[in-house]
Amino acid sequence: MTALPVLVLNCGSSSLKYSVYEMRAERVLCSGRIERIGEGGADGGPPDHRSALAQALAAVPDHDAIVAVGHRVVHGGEHFHAATLIDDAALATLEQLDALAPLHNPANRLGIELAREQLPRRPQVAVFDTAFYHSLPAEAREYALPQAWRERGIRRYGFHGTSHRQVSREAASLLGKPLEALDLVTLHLGNGSSATAIRGGVAIDTSMGMTPLEGLVMGTRAGDLDAGVLLYLLRAGVASHELEHTLNHGCGLHGLCGSNDMRAVHALADAGDADAGRALAMYCYRVRKYIGAYLATLGRVDALVFTAGIGEHDARIRARILTGLEGFGIALDAARNAACHGTVGMAIHAASSRVAVLVIPGNEELEIAREVAALIAT
Ligand code: ADP
């Protein structure tokens, strides 16, 4: 077995994404996505996650050759600081974290349990969205809360860490410098959006918090919000489950103008829709605010990095975020920016720019496969 195939699973509440990587050349051997799990109906997906995984494995040629399975797990809490080989004890610890990420972790954990069942004797490795942020210094990690609350694990954990770590590595190779010598601000702008300040390859601050609700304006999440707003709504009789649903699915671009798809938001704004125009302005303004905060946090920055759906493909948003930052040594090359669609890593800054501006295609699955390969090689 020379190809060392690693299966990467991203098991969500109603979907299962899978890809198999051959780790010598870091090539995708096959990949797919199974949707509408458990939704019933004639044209629905498989009845449950167990049959979804069986369906995925049936679509993987020679799945007996898989040497290890990597699982994307959203929340690692205070327990998991790095990719972890999952045994019964680790699984039990993971279960205790369900309350921190009720929308994601239970499904991630189910994926691990089913993969142990259907691919026995293979190492199962959990790769956590939060792990990249275990190094946050206390001043960035903690909320200014009483000790009794902080002792309950209420703190900033950060998310999208696998993505921020992957693009920081690619940025170093694009710039031809060691990651340890670089200070970066990475911007993951997708349906969920987050910003991270990275010093010498180590994350020192990030915009998402104890949950993925904090920080930038997102497709359906508001990002930064005065906690008093929640108290006001609770006092006004909004039920907590409604609050949870709306905070996760009804805010952000969707709440502002009715669509969470940035392409549709542009189309509305171009057609004169004032709500969509304001949504775009708010989206970009928030990103600028975080860039400014992280320039100050880092003191100096070698590069800004854009990734994920909007970051990779949306030249107008990139331009709008960065216009007027010349005073900070950040200048775009308009033509390079307009020509960049995120298919390969590319620099889009002007020759005069002190700070490099890079667009780097995200590949979280490959990063997960790399972490798995590194762990099982030790
Ligand atoms: P997820 O967080 O669900 O993985 P993605 O990283 O795929 O999301 O990003 C989804 C977002 O990217 C959506 O808002 C979508 O409209 C936007 N997007 C994708 N392609 C383009 C494009 N060509 N131009 C502008 N926005 C785009």
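The values are calculated or read from the model by the stated rules, or taken from the named source; none is laboratory data. Bear in mind that the values here come from a model prediction, so they are computed numbers and not experimental data. Cβ sites come from the backbone with ideal geometry, for glycine too, and all protein chains shown count toward neighbours.
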Worksheet item: Can you tell me which residue in the range 267-276 is nearest to the ligand (Cβ to nearest atom), limited to those that are surrounded by fewer than 17 Cβ atoms within 10 Å (Cβ to Cβ) and in a helix (DSSP H, G or I)?
Response: A267
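Yes or no, residue by residue, for (1) aliphatic (A, V, I, L, M); (2) within 24 Å of M208 (Cα to Cα); (3) in contact with a Pro (Cβ under 7 Å, 6 or more places away or on another chain):
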residue: V20; (1), (2), (3): yes, no, yes
residue: H63; (1), (2), (3): no, no, no
residue: H81; (1), (2), (3): no, yes, no
residue: A89; (1), (2), (3): yes, no, no
Worksheet, complete the sentence: Here the qualifying pairs (Cβ atoms under 6 Å; residues six or more apart or on different chains; first in the range 254-265 and under 15 Å from G223 (Cβ atoms) and in a helix (DSSP H, G or I); second of a type in the set (S, T, N, Q) and within 8 Å of the ligand (Cβ to nearest atom)) come out as H254/N260
Worksheet entry | Only one of T307, T297 that is out of contact with any Cys (no Cβ under 7 Å at 6 or more places or on another chain), more than 12 Å from the ligand (Cβ to nearest atom) and polar (S, T, N, Q) | T297
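Conditions (1) of a type in the set (F, W, Y); (2) touching a Leu at 6+ places or on another chain (Cβ under 8 Å), marked per residue:
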{"position": "H71", "(1), (2)": "no, yes"}
{"position": "L91", "(1), (2)": "no, no"}
{"position": "Q96", "(1), (2)": "no, no"}
{"position": "R109", "(1), (2)": "no, yes"}
{"position": "F132", "(1), (2)": "yes, no"}
Discussion item. Against the condition over 24 Å from G292 (Cβ atoms), touching a helix residue (DSSP H, G or I) at 6+ places or on another chain (Cβ under 6 Å) and in contact (Cβ under 8 Å) with a residue 60 or more places away in the chain, how does E371 come out, does it pass?
Written reply: no
Practice prompt. Inspect all residues belonging to the range 280-299 and state whether any of them is surrounded by fewer than 18 Cβ atoms within 10 Å (Cβ to Cβ), out of contact with any strand residue (DSSP E or B) (no Cβ under 9 Å at 6 or more places or on another chain), outside any helix (DSSP H, G or I) and at negative phi.
Written response: no
Practice prompt. Test A131 against the criterion of being small (G, A, S), within 23 Å of A377 (Cβ to Cβ) and out of contact with any Phe, Trp or Tyr (no Cβ under 6 Å at 6 or more places or on another chain), and give yes or no.
Written response: yes
Worksheet item: Scanning for something free of Cβ contacts under 8 Å to residues at least 40 places away in the same chain, of a type outside the set (A, V, I, L, M) and touching a Leu at 6+ places or on another chain (Cβ under 8 Å), does the range 117-124 turn up at least one residue?
Response: no
Worksheet item: Is there any pair linking a residue in the range 133-149 that is assigned to a loop (DSSP other than H, G, I, E, B) to one that is of a type in the set (A, V, I, L, M, F, W, C) and surrounded by 11 or more Cβ atoms within 10 Å (Cβ to Cβ), with Cβ under 7 Å and at least six apart or on different chains, and which?
Response: S135/V202; S135/A203; L136/A203; L136/I204; P137/I204; Y143/I154; L145/I154
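Okay, residues lined up against (1) touching a helix residue (DSSP H, G or I) at 6+ places or on another chain (Cβ under 7 Å); (2) not in a strand (DSSP E or B):
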site	(1), (2)
L9	yes, no
G44	no, yes
P47	no, yes
A54	yes, yes
L57	yes, yes
A89	no, yes
Discussion item. Residues to consider are L230, L256, L247, L216; find the one that is closer than 22 Å to I154 by Cβ, within 14 Å of the ligand (Cβ to nearest atom) and at pLDDT 95 or above.
Written reply: L216
Fill in: the range 191-204, residues that are buried (at least 19 other Cβ atoms within 10 Å of the Cβ) and within 16 Å of the ligand (Cβ to nearest atom)
G192, S193, S194, A195, T196
Discussion item. For the range 168-196, give me each residue that is closer than 21 Å to R72 by Cα, touching a helix residue (DSSP H, G or I) at 6+ places or on another chain (Cβ under 9 Å) and part of a helix (DSSP H, G or I).
Written reply: S168, R169
Practice prompt. Being at pLDDT below 95, away from the ligand (no atom under 14 Å from the Cβ) and either assigned to a loop (DSSP other than H, G, I, E, B) or crowded, with 24+ Cβ neighbours inside 10 Å (or both) narrows it down to one of G209, G158, G153, so name that one.
Written response: G153
Fill in: Top-ranked residue in the range 320-347 [being under 22 Å from the mean Cα position of the chain (by Cα), surrounded by fewer than 17 Cβ atoms within 10 Å (Cβ to Cβ) and within 13 Å of the ligand (Cβ to nearest atom); ranked as farthest from A264 (Cα to Cα)]
T343
